[in-house]
Amino acid sequence: MSSREQILGKIRKSLGRGVLSAEQISVLEARLATPPLHEQPQVNTDLALQFTQKLQKVGASFSDVENESLIPFALIALLKEWELPLQVVIDAHLQALPWTDDIQCAVRVAQDDDKVSVTEAFAAVAETGTVALLSSHSPTTLNFLPETHIVIVHRAQITANLESVWEKLRQQNMPRTVNLITGPSRTADVEQTIQLGAHGPRRLHVILVG
Amino acid sequence: MQINSPQFKQRATVALQDMRLQKALSKAKGGFIDKRLAAISALPEFEALRERGKAIKQHTLENLDFYLERFESKVIAQGGKVHWASSSEEACQLILEISRAANAKVITKGKSMVGEEISLNEALEADGFKVVETDLGEYIIQLAHEPPSHIIAPAVHKTREQISDLFHEHHQQYGLTQKLDTVPELVNEARTVLRSQFLSADVGITGANFLIAETGSTVIVTNEGNGDLTNTLPRVHIVMTSIEKVVPTLNDATTLLRLLGRSATGQEMTSYTTFTTGVRREGELDGAQEFHVVLLDNGRTTMLGDEFKDMLRCIRCGACMNHCPVYGSVGGHAYGWVYPGPMGSVLTPLMIGLKAAQDLPNASTLCGRCEQVCPMKIPLPTMLRQHRINAYEQDLMPTRARWALKIWAYLAKRPALYQKLASIKIGILGFLGGGRGSFRYLPFAGAWTKNRDFPAPQGKTFMAQWKARKSA
Ligand code: SF4
C-alpha cells in the first residue's frame, strides 16, 4: 500500500468512518465553491486614509500623484530625495508611461545589485496596509532583491479586507505567487531588536494614483 | 535531530544556572507578551476570531481526507507534485531523491519546524548537499550547531555577543574579518553572506503555515523575505509540511492569519505572507520550474483518533511558550527535542514516545496560561494531564510519584476535602506525599527551588476565586 493510501486510510479509521458519501461530499464541494465569509475587523470607511495610516505603522512610506502620467516625475523626485541613482527596474506594464531621458528603466527580472524596483499592485488592503502583487503581472524577484521597492497602487484598488482581494482573484487562474507585502523586510532575530532590511527591501514606498 | 528529552532534569538545571541564557530569555519574554497584548487589545473581534478559527480547524480535521485530496488535485492541476510520507525517514528520502534528480549542490532553506522534526538537514548533509538556513535565527543556530529553542524565534537563547562571536568565526572565509557589535551591522553582514547563497542555490526548501484546498496553494508567513528568495530563485521548490496544515479556502486561511500574527509577534500582518501555487507559468521570467509538496504524517493520523486530537489545531504561533513560566525559566533547549514549551510537551511524547519524554508533561505548573493565550483554544493543560495519566497507566513513573498521584486523585474526587486542605496550607500536598509530595516531585525540583522561590500562595485559592467570580 502506498503512503498516500495508508495516510488517507488512517485518517478515516481515526475519524471512525469510511469514505465520505456522495451527499457529504457535495456539501463540502458547496463550501469550497462559495467560500464562507467569516468575521472581519472593522475598517474606516475612508479606505485610503486607513491604508496610508497602516502603511506608516508598518514602516512603509507613501506619496500621491493625480494620474498615471505623473508617475515618472514623482519617481525622479523620490530618487533624488533619497540620493539614489536615476535607474530603476520596472515591470512590463509600466513601460507605457511617459518616461523621459532623465531616468533609466530596465524591464526584466531583478538582479542582485539593483537598487530600485517599481511594480504595479493587483490590490491593496486598508485593514492592514498590505499590497498584493501577482507573479502573473510582475516578476517576483522585483519584490525582493532590490533595496528599495516602489509599488504603484490606484486608489480604486484599495479594498477594506483581504477577502475582497480573494474575491477579485477568483475571477482568474491562481498565479504561481501571490505576495501580500506589509512593510519592508525586517528581523527581530538578534536580541528581539527590530531591524529593517533583513533579506528583502530595506524601504517600501507606495505611490498612490488618483 | 538528536533526542535529549530524557535528560530534561539535568538540562533544566544547567539552563537555570546559565547566566547568558537567563539574560537572553528575560530580554525576549516581555517583548512577546506586551506586543501580543497590544495587538489583541486593538482588535475587539479577537475572541470571535478565536472561536471561528477553532471551528474552521475542527471542520477541516473532520473532513481531512477530502481536503487533502482536493489540495493534491489542485497542486497537480497547476503543474506541481504532492508526495505523501508516513514517517520522517520517508519524508527525508523523498526530498533526497528530488534533490538528487535536480543535480543540486547548494540547497537553501526557509524556516521549517517540520524540517527540524524530520532532521532534514542531517539527512541532506549526509548525502553531500550544502544546506544553508536562510532565516536569520535559523542561520545563527546552524552556525552554532544547535537546535532551535523557540518555534518562531529559533535563536532567542543567543545574546548579541554570542552572535557576534559566531559571525566573526564563520565569516572570515568571505573576507569579512571585522568583529561586529551592533544589531544593524550583524544583520547587514548576514544579508551580504546569504545573498550569494540565495543566488547560487539549485533547490529551495520552505515549510508552510497553511495549505489551501480551494487553490492548491502553500502559504508562508515571514518577516525577513528569506522564504521568498528561497522559493523564487532556485529552479526547484520543495515545500516540507504536514497533513494538518490544510484548510478549505483562502477565506478560512485569512481568519487564521489574523490570529497567527497577533498571537506570535503582535503583528496584524507579517511583512510577507506568500501564497505559492504550482510552477512558473508560460511567459513568466522568474519563479521555480518544479514544485513539490511533501505531506508528512509522523503520528498525526493517530492523534486524530485519540485524546490528543485538539493538538492538531495548533498553528505554531508560540504564544503558549511565551507565556509559560517553565519555558521562561529554562528556555527551549531543556525540552530536548524540536518543539518546546507547552505545545512541545504535548507533541514530543506523541512523536518520540512517552517513555523518552515522560518528564515533559511534568514540566508544567498547569497554571493554565497557555490555554488562555492559545489562539486555537487548545486545552494544553488537559492534554498534559492526560500524558501524566498515560505515563501512570503505562507504569512509567517512579513509585513515590505514583503514591503522590493516588492521594491527589483521591482528593480530587472529593472536592470539599480538597478545598479545605488546600486553603489550610498549599504545602499539605507535599506532606501527604510523604514529605516529598507533588510539588517537590517536579522533575527539576532541586534546580527549581535552588534558583527561585516557590511563589507564596497569594490571597484566595483558585477554587475560591472561581466560585466568587461565578456568583458575581
Ligand atoms: S498550542 Fe496554541 S499557543 Fe501554542 S503554538 Fe499552538 S496554537 Fe500557538
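Residues that are over 22 Å from B:S86 (Cα atoms), of a type in the set (G, A, S) and not in a helix (DSSP H, G or I): does the stretch B:252-275 have at least one?
Just the residues of the stretch B:252-275 that are over 22 Å from B:S86 (Cα atoms), to begin with: B:252-275.
Applying the additional criterion that residues be of a type in the set (G, A, S) yields B:253, B:261, B:263-264, B:266, B:271.
If we keep only those that are not in a helix (DSSP H, G or I) as well, we get B:266, B:271.
Yes, the stretch B:252-275 has at least one match.
May I ask you to list the residues in the stretch B:182-203 that are touching a residue at least 40 places away in the same chain (Cβ under 8 Å), more than 14 Å from A:T187 (Cβ to Cβ) and either part of a helix (DSSP H, G or I) or of a type in the set (S, T, N, Q) (or both)?
Within the stretch B:182-203, the subset touching a residue at least 40 places away in the same chain (Cβ under 8 Å) is B:187, B:190, B:194, B:197-198, B:200-203.
Narrowing the set further to residues that are more than 14 Å from A:T187 (Cβ to Cβ) leaves B:197-198, B:200-203.
Scanning the stretch B:182-203 gives B:Q197, B:F198, B:S200.
Could you list all residues from the stretch B:340-364 that are part of a loop (DSSP other than H, G, I, E, B) and either within 13 Å of the ligand (Cβ to nearest atom) or in contact with a Pro (Cβ under 6 Å, 6 or more places away or on another chain) (or both)? Can you show your working first?
Here is the first cut: in the stretch B:340-364, the residues part of a loop (DSSP other than H, G, I, E, B) are B:340, B:353-359, B:363-364.
Selection gives B:P340, B:A356, B:A357, B:D359, B:S364.
Just for the stretch B:179-199: of the residues that are open to solvent by less than 20 Å² (accessible area, probe 1.4 Å) and in contact with a Gly (Cβ under 8 Å, 6 or more places away or on another chain), which one is nearest to the other protein chains (Cβ to nearest Cβ)?
Looking at residues that are open to solvent by less than 20 Å² (accessible area, probe 1.4 Å) and in contact with a Gly (Cβ under 8 Å, 6 or more places away or on another chain), I get B:V187.
Assuming A:L20 fulfils every condition listed in (1) open to solvent by 60 Å² or more (accessible area, probe 1.4 Å); (2) in a loop (DSSP other than H, G, I, E, B) apart from one, which condition is it?
Result: A:L20 passes all but (1).
Report yes if some residue within the stretch A:40-58 is more than 24 Å from B:L295 (Cβ to Cβ), assigned to a loop (DSSP other than H, G, I, E, B), more than 14 Å from chain B (Cβ to nearest Cβ) and open to solvent by 20 Å² or more (accessible area, probe 1.4 Å); otherwise report no.
Taking the stretch A:40-58 as the starting set, the residues that turn out to be more than 24 Å from B:L295 (Cβ to Cβ) are A:40-58.
Checking the rest, the ones that are also assigned to a loop (DSSP other than H, G, I, E, B) come to A:40-46, A:58.
Going one step further and asking which of them are more than 14 Å from chain B (Cβ to nearest Cβ), we end up with A:45-46.
Retained after the next criterion (residues that are open to solvent by 20 Å² or more (accessible area, probe 1.4 Å)): A:45-46.
Within the stretch A:40-58 (the criterion being more than 24 Å from B:L295 (Cβ to Cβ), assigned to a loop (DSSP other than H, G, I, E, B), more than 14 Å from chain B (Cβ to nearest Cβ) and open to solvent by 20 Å² or more (accessible area, probe 1.4 Å)), the answer is yes, since at least one residue qualifies.
Sort out which residues of the stretch A:163-210 are open to solvent by 10 Å² or more (accessible area, probe 1.4 Å), at the interface with chain B (Cβ under 7 Å from one of its Cβ atoms) and touching a strand residue (DSSP E or B) at 6+ places or on another chain (Cβ under 7 Å), and write them in order of number.
A:M174, A:R186, A:Q195
Can you tell me which residue is farthest from the ligand (Cβ to nearest atom) among those in the stretch B:290-336 that are crowded, with 24+ Cβ neighbours inside 10 Å and of a type in the set (F, W, Y)?
B:F291
Collect the residues in the stretch B:268-287 that are hydrophobic (A, V, I, L, M, F, W, C), farther than 28 Å from B:C317 by Cα and out of contact with any Gly (no Cβ under 8 Å at 6 or more places or on another chain), keeping them in residue-number order.
B:L285 - this is the single residue of the stretch B:268-287 that is hydrophobic (A, V, I, L, M, F, W, C), farther than 28 Å from B:C317 by Cα and out of contact with any Gly (no Cβ under 8 Å at 6 or more places or on another chain).
Return the pairs, sorted by first residue and then second, in which the second residue is within 10 Å of the ligand (Cβ to nearest atom), the first residue lies in the stretch B:311-331 and is within 14 Å of chain A (Cβ to nearest Cβ), the beta carbons are less than 7 Å apart, and the residues are 6+ apart or on different chains.
Partner pairs satisfying both residue conditions: B:M311/B:V346; B:M311/B:L347; B:M311/B:I378; B:M311/B:M383; B:G318/B:I151; B:G318/B:I152; B:G318/B:A264.
For the stretch B:247-289, name all the residues that are more than 22 Å from B:N223 (Cα to Cα), facing another protein chain (nearest Cβ under 7 Å) and open to solvent by 10 Å² or more (accessible area, probe 1.4 Å). Let's see the steps before the verdict.
Step one: filter the stretch B:247-289 for residues more than 22 Å from B:N223 (Cα to Cα), giving B:247-249, B:278-285, B:289.
In the following step, the residues that additionally are facing another protein chain (nearest Cβ under 7 Å) were identified as B:248-249, B:278-281, B:284-285.
B:V279, B:R280, B:R281, B:E284, B:L285 - these are the residues of the stretch B:247-289 that are more than 22 Å from B:N223 (Cα to Cα), facing another protein chain (nearest Cβ under 7 Å) and open to solvent by 10 Å² or more (accessible area, probe 1.4 Å).
The values are calculated or read from the model by the stated rules, or taken from the named source; none is laboratory data. Remember, predicted model here, so these are calculated numbers, not experimental data. Methodologically, a virtual Cβ is constructed for each residue, glycine included, from the backbone with ideal geometry; neighbour enumeration extends over all protein chains shown. Accessible surface is based on the protein model in full, side chains and every heavy atom, while ligands, DNA and RNA are left aside. Shrake-Rupley method; radii C 1.70, N 1.55, O 1.52, S 1.80 Å.
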